[in-house]
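Student: Can you keep this structure in mind? I'll have questions shortly.
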Amino acid sequence: MAQRCHVKVTWILQPGVLREIQTGREPARNTDSDLYEICRREKRCLVTLDLDFANVLRFSPEEASGIVVIRAPHNPTISLLEELISRFLAKTECLSIESQLWIIEVDRIRVHKSEENEEPRNPQEAD
């Protein structure tokens with residue numbers, strides 16, 4: 001049985017708005033770079049609908065505790081978002097997201113790893 005990973009998650013609910021769920025702090029307006037730096041510094045996995053965070057040249061997964069971009073259709077339902085997030089959380093039970101970018105899509109989960117950490121992959125590896 002795989003060891004369960006503990007994941008500290010920061011949710012970005014709206015562009016530029018950071019919500020720290022555990023402490024219930026009020027949302028603060030920040031740039032994408034600010035949000036990335038906060039999560040990197042606090043060793044938090046960043047989970048967002050903002051596709052800008054999939055740019056590995058701008059937001060290096062190797063320096064982060066994980067970046068998860070949920071790639072949902074335009075105006076997704078709450079139930080679809082819940083399903084995608086549940087799939088992501090289920091995968092964290094057996095796979096580490098540390099220093100990786102995961103793109104959660106309706107039909108698959110894509111994992112971007114640095115070349116030095118690259119392992120052979122099955123195209124449907126995370127499903």
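The values are calculated or read from the model by the stated rules, or taken from the named source; none is laboratory data. As the structure is a computational prediction, the values presented were derived from the model and not from experiment. Quick reminder, even Gly has a Cβ in these numbers, built from the backbone with ideal geometry, and neighbours come from all protein chains shown.
Student: Can you list residue pairs whose Cβ atoms sit under 7 Å apart, with the first residue in segment 94-111 being part of a strand (DSSP E or B) and the second being crowded, with 16+ Cβ neighbours inside 10 Å and among the polar types (S, T, N, Q)? Count only pairs 6 or more apart in sequence or on different chains.
Tutor: Val111/Gln100
Student: May I pose another question? Quick check on Phe53: is it touching a Phe, Trp or Tyr at 6+ places or on another chain (Cβ under 6 Å) and part of a loop (DSSP other than H, G, I, E, B)?
Tutor: The answer is no for Phe53.
Student: Further question on the same structure: So is Arg58 of a type in the set (Lys, Arg), in a loop (DSSP other than H, G, I, E, B), modelled with pLDDT under 85 and surrounded by fewer than 17 Cβ atoms within 10 Å (Cβ to Cβ) or not?
Tutor: Taking the combined requirement at face value, the residue does not satisfy it.
Student: Please verify whether segment 24-45 includes one or more residues that are within 15 Å of Ile104 (Cα to Cα) and at pLDDT 70 or above.
Tutor: For segment 24-45, residues within 15 Å of Ile104 (Cα to Cα) and at pLDDT 70 or above: present.
Student: Let me ask something additional. Within segment 71-88, can you find the residues that are among the aliphatic types (A, V, I, L, M) and surrounded by fewer than 13 Cβ atoms within 10 Å (Cβ to Cβ)?
Tutor: Across segment 71-88, the qualifying residue is only Ile78.
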